[in-house]
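The values are calculated or read from the model by the stated rules, or taken from the named source; none is laboratory data. Predicted, not measured: the structure shown is a model, and the values here were computed from it. Glycine also receives a Cβ, built like all others from the backbone with ideal geometry; neighbour counts cover every protein chain displayed.
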Amino acid sequence: MKNLILLGYMASGKSFIGKKLAKRISYNFIDLDAYVEKKEQKTVKQLFDEKGELYFRKAEKKYLATLLSRDEKVVIALGGGTPCYYDTMDELVNNRAVETLYLKVSIKEIIKRVTKETAKRPLIAHLVTEEALVEFVSKHLFERSYFYNKAHYVIDANQPADIILEDIVAKLF
Ligand code: S3P
């Protein structure tokens, strides 16, 4: 079997679904953001604020490579931006030990999910009105879709979690 990598925009359910998927197939689950935070001894927000976004992008790339170099096969939830920097998406798609799954969620659903928790998300923390949030997310998601759509599998993640899970299992096994 291969490493299973879940990717997609902020609040697309990567960690939530990733945990359930890992449990279902008896794999360990790793949340890349949490892994970076543990290794760096700082929260993602602190890393952005204190060291800058570029430092964070390099760190997530480095730790993802570490995880993929291990023998153990795992389910990994990436950060929303991980596949969009430094050729990461092409490298993942061409890695024979990896299956990539894009959890695709509509803009409307993303807005609904992130509205109450913008503060802990450095990229959208400054957006105070719903209008500004919609404008930013629409443009950002459009730009990032170029990378996300390269994934081996595109999963409709607007659906309830149990259906998403069945969809993934049906596609992979
Ligand atoms: C980011 C998404 C976040 C986190 C960081 C940057 C992004 O992860 O990595 O705040 O660039 O979209 P989640 O997608 O898990 O929220």
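For residue 108, the conditions (1) of a type in the set (Lys, Arg); (2) surrounded by fewer than 16 Cβ atoms within 10 Å (Cβ to Cβ); (3) in contact (Cβ under 8 Å) with a residue 24 or more places away in the chain all hold with the exception of (3).
One line per residue, one yes/no per condition, for (1) among the small types (Gly, Ala, Ser); (2) touching a strand residue (DSSP E or B) at 6+ places or on another chain (Cβ under 6 Å); (3) surrounded by 16 or more Cβ atoms within 10 Å (Cβ to Cβ):
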| residue | (1), (2), (3) |
| --- | --- |
| 14 | no, yes, yes |
| 18 | yes, yes, yes |
| 27 | no, yes, yes |
| 38 | no, no, no |
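Residue pairs whose Cβ atoms lie under 8 Å apart, sitting 6 or more positions apart in sequence or on different chains, and linking a residue in segment 20-45 that is assigned to a helix (DSSP H, G or I) and hydroxyl-bearing (Ser, Thr, Tyr) to a partner that is within 12 Å of the ligand (Cβ to nearest atom) and at pLDDT 95 or above, are 35/63. Close contacts from segment 111-122, counting a first residue that is within 17 Å of residue 139 (Cβ to Cβ) and a second that is aliphatic (A, V, I, L, M) and loosely packed, with under 12 Cβ neighbours inside 10 Å, with Cβ to Cβ under 9 Å and a gap of 6+ residues or different chains, come to 118/128. Cβ-Cβ distances below 7 Å connect the following pairs, each with a first residue in segment 139-166 that is closer than 16 Å to residue 98 by Cα, a second residue that is of a type in the set (Gly, Ala, Ser) and surrounded by 15 or more Cβ atoms within 10 Å (Cβ to Cβ), and a separation of six or more residues or different chains: 148/8. Those helices (runs of 4 or more DSSP H) of segment 66-173 in which at least 3 residues are out of contact with any His (no Cβ under 9 Å at 6 or more places or on another chain), aliphatic (A, V, I, L, M) and away from the ligand (no atom under 16 Å from the Cβ), considering only elements entirely within it, cover 161-172.
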